[in-house]
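Worksheet for the structure shown next.
The values are calculated or read from the model by the stated rules, or taken from the named source; none is laboratory data. The structure presented is a predicted model; accordingly, all values stated were derived computationally and were not measured. Cβ coordinates were reconstructed from backbone atoms using ideal geometry, including for glycine residues, and neighbour counts include every protein chain displayed. For the accessible areas, the whole protein counts, side chains as well, though only heavy atoms, and no ligand, DNA or RNA atoms are used. Shrake-Rupley method; radii C 1.70, N 1.55, O 1.52, S 1.80 Å.
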Amino acid sequence: ESKYNYKDGKKEGLTENYYENGKLQFKRNYKDGKEQGLWESYYENGQLAKKTNYKDGKEQGLSEAYRENGQLAYKGSWKDGKKEGLSEVYNEKGQLYYKGNYKYGKLDGLEESYDIKGNLESRRNYKDGKQDGLEESYEWENYAKEKRVLSSKINWKDNKKHGLSEFYRGGQLES
């Protein structure tokens, strides 16, 4: 079942859609045919799947996505329909898997990724969507996979390798 409101041929106000089991699938608001305000979508079990704010048809402010069990999967901010500020992605265990800073929809600043145990896998720097600055990568120290150690340091400028690159084995600089 769906419920839509229209004004002068354009969607206006609250829109709702329901699963066959009667539970809410999504609710969205419109103004003059454009997305406006809070949008929420739900899993068939009734659990919140995603909430996003809109202004004049563009994503604006905080957006969050959840797994079917209610665990946070993503959170990030938007401005005028583009990512802005810190975005974070979480793994199935609820641990931080990725974080990156955005400006005008492009990576800008520090980006980090983590393994399933929460150990740092890589760290990169970006400027206006291009890799710029030091990149560090980490590998398992041994087969026991108890901790990660530095495996490489690479310098970037304007999305191209630039300057010194160093590679490590077992955390020690290769000669």
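Where a Cα-Cα gap under 18 Å defines reach, which aspartates and glutamates qualify for K106, not counting those fewer than 8 residues away within the same chain?
Within the straight-line limit of under 18 Å, K106 reaches these aspartates and glutamates: E59, D80, E84, E88, D128, D132, E135, D158.
What three numbers, in Å, describe the spread of the alpha carbons of the chain along their principal axes, ordered from the longest?
72, 37, 17
Ignoring any ligand, DNA or RNA, what whole percent of the accessible area of the chain comes from carbon and sulfur when the probe is 1.4 angstrom?
Within the chain, the accessible surface is 44 percent carbon and sulfur.
Taking the Cα centre as origin and putting +1 on Lys and Arg beta-carbons and -1 on Asp and Glu beta-carbons, what dipole magnitude results for region 1-135, to the nearest 20 debye?
The dipole magnitude comes to about 300 debye.
Only Lys, Arg, Asp and Glu count, each charged at its Cβ (+1, +1, -1, -1), so figure out the dipole size of region 86-147 about its Cα centre, rounded to 20 debye.
180
Using the Cα atoms of region 25-71 to build a convex hull, what is its mean projected area in square nanometres?
3.1
Filter K3/K82; K3/K23; K93/K130; K34/K82 down to the pairs with a C-alpha to C-alpha distance above 23 Å, please.
K3/K82; K93/K130
For region 70-175, build the charge dipole from Cβ charges (+1 Lys, Arg; -1 Asp, Glu) around the Cα centre, then report which of G105, G133, S152 sits farthest towards its positive end.
G105
State, as an integer percentage, the relative contact order of region 38-89 based on alpha-carbon contacts under 8 Å between residues 6 or more apart.
Reported as a whole number, the value is 25 percent.
How long, wide and thick is region 1-90, going by the Cα atoms along their three principal axes, in whole angstroms, largest first?
Ordered largest first, region 1-90 gives principal extents of 41, 35, 11 Å.
Please express the Cα-Cα pair-distance distribution P(r) of region 88-172 as a list of whole percents, one per 5 Å bin, running from 0 to the bin with the greatest distance.
3, 16, 20, 21, 19, 14, 6, 2, 0
Over the chain, what is the mean sequence separation of C-alpha contacts under 8 Å (at least six apart), divided by residue count, expressed as relative contact order in percent?
In percent, rounded to a whole number, it is 8.
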